[in-house]
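Enquirer: I have a structure I would like to understand better, so I am pasting it below and will then ask my questions one at a time.
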Amino acid sequence: MKRKWLVQLVLPLLGLSTLFCLLAFAPGSAHSRPPLLEMSVILRENDGGASTLRKGMEQAAADLNVELRFLAPATDNCAQEQAQLLEREIAGNAAAVLLIPADREALSPAVTAAAGRTALVTMETDMTEQGAMVSVGVDHTAMGEALGRIALNGVPEGGTALLLDSVPGDNGIRQRLETAEAYLASHGRKVMVCRWSADGNALRRVLRMGGIDAVVAFEATALEQAAELAQQDWAFPLLYGVGSTPAIAAGLERGKITSLVAENVFSKGYLAVEATAAAARRGAILDIPYISFSIIRQETMYDPENEKLLFPVT
């Protein structure tokens, strides 16, 4: 009887002890988390903290025990201010820097000077030749060709496409524009390039001249703002572009955007932080594939895969 009582008491205790050990030392527990890593993220424009890109970064930071410090130039897309921010972070011995370059040429001296002094990764514009350890982004040539191809459907032979130059300088967005320009010209379309301004006045002046069959934007901010103008003007030409923000999805649903190219922005943000953390902690250079993108029209925007791009659940 006494032995039976001991068995009934000891076996549950052994089971509880085993469960405690499994929980205490399970993979993913606090015991296996790496030390906190502080990472500086130098944006090319202030997104207000609500973008899908930033949410992807923040999810990676939570998973990888990284503390993000977001920095942005006072003037959107100002490479000179970005260079000053980078130089300041290097002087402060930043362990890791993630940079979204506005202009490769203008930032080249600062990036080269930072090489070897911090784990530096670029996103959207490849600066590995200048000293960055890794670059994360889409295949801009393939995206530019895709934009030229979808715009081709809205511009008759001999017609004119207007391309919005919203981030001037040597960068990935410029590469998209130049590829689309060459593609449209090679298929018998006339091409005009308009320097974009946030107030839309330059675009309005060109459109008043007439003869524009389609407008193409090469990044989300310009596409959002062009869609707002299209909402105000029923005679606005067909509109194409890149982006997957809520405002852009609404423009596509209302028919103000004819079709667009959407990339997996959440994944881009996540992978960029992951690559920067690996470079800082282990000196590892991750093999990051190009970020995928899809062509989306109004009638396909609620297909499961496209819905994930336009309405990411984070």
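Enquirer: Around residue 141, what is the net charge, scoring Lys/Arg as +1 and Asp/Glu as -1 over all other residues with Cβ under 10 Å from its Cβ? Before the final figure, lay out each step's value.
Expert: Numbers: positive: 176; negative: 139, 145, 178.
Combined, the nearby Lys, Arg, Asp and Glu give -2.
Enquirer: Additional query: Can you tell me the 0 to 90 degree angle between the C-alpha axis of helix 220-232 and the longest principal axis of the chain, rounded to 10?
Expert: 50 degrees
Enquirer: Given the DSSP H assignment, sum -39500 (n - 2.57) over each helix run of at least 4 residues in the chain and divide by its residue total; what's the result at 222 nm in deg cm²/dmol, nearest 500?
Expert: -14500 deg cm²/dmol
Enquirer: Assign one of three labels to segment 35-136, namely rounded, prolate or oblate, based on the Cα gyration tensor with a ≥ b ≥ c the square roots of its eigenvalues; rounded applies when a/c is under 1.5, prolate when it is not and a/b is larger than b/c, and oblate otherwise.
Expert: oblate
Enquirer: Still on this model: Using DSSP to call loops (not H, G, I, E or B), can you name the chymotrypsin sites (Phe, Trp or Tyr not before Pro) in segment 195-276 whose Cβ has at most 10 other Cβ atoms within 10 angstrom?
Expert: Answer in residue order: 234.
Enquirer: To continue, here is another question. Give, in nm to one decimal, the length gained when the segment between residue 74 and residue 112 is fully stretched (0.36 nm per residue of separation minus the Cα-Cα distance).
Expert: Between residue 74 and residue 112, full extension yields 11.4 nm more.
Enquirer: Next question, about the same structure. With every protein chain kept in place and ligands, DNA and RNA left out, what is the accessible area per residue of segment 191-255? Probe 1.4 Å, answer in Å².
Expert: 46 Å²
Enquirer: Just to confirm the number: angle between the C-alpha axis of helix 140-152 and the first principal axis of the chain, 0 to 90 degrees, nearest 10?
Expert: Rounded to the nearest ten degrees, it is 50.
Enquirer: Determine the share of segment 174-314's accessible area contributed by carbon and sulfur atoms, expressed in whole percent, with a 1.4 angstrom probe.
Expert: 51 percent
Enquirer: Taking a virtual spin label 7 Å from the Cα of residue 36 along the C-beta vector, which residues in segment 239-276 bring their backbone nitrogen under 20 Å of it?
Expert: Taking a point 7 Å out along Cα→Cβ of residue 36, the residues of segment 239-276 whose backbone N falls under 20 Å are 273-274, 276.
Enquirer: Follow-up. Can you give me the Cα centroid spacing of segment 229-307 and segment 67-111 in angstrom?
Expert: 24 Å
Enquirer: Charges only on Cβ, +1 for Lys and Arg, -1 for Asp and Glu: so what's the dipole of segment 79-179 about the Cα centre, in debye to the nearest 20? Show your work: numbers first, answer last.
Expert: On the way: 6 positive and 14 negative charges, 42 e Å.
Rounded to the nearest 20 debye, it is 200 debye.
Enquirer: So what does the Cα-only Debye profile of the chain read at q = 0.07, 0.10, 0.15 Å⁻¹, as log10 I(q)/I(0), no solvent term?
Expert: Relative scattering, expressed as log10 I(q)/I(0), comes to -0.35, -0.61, -1.17.
Enquirer: Round to the nearest 10 and give me the degree value, 0 to 90, for the angle of helix 52-64's Cα axis relative to the longest principal axis of the chain.
Expert: Approximately 20 degrees, to the nearest ten.
Enquirer: A further question follows. Please report, in debye to the nearest 20, how large the charge dipole of segment 180-314 is about its Cα centre when each Lys and Arg carries +1 at its beta carbon and each Asp and Glu carries -1 there.
Expert: Taking the Cα centre of segment 180-314 as origin, the dipole is about 400 debye.
The values are calculated or read from the model by the stated rules, or taken from the named source; none is laboratory data. Quick caveat: nothing in here was measured; it's all calculated off a predicted structure. No Cβ is skipped: glycine too gets one built from the backbone with ideal geometry, and neighbour counts run over all protein chains shown. Accessible surface areas use protein heavy atoms only, side chains included; no ligands, DNA or RNA. Shrake-Rupley method; radii C 1.70, N 1.55, O 1.52, S 1.80 Å.
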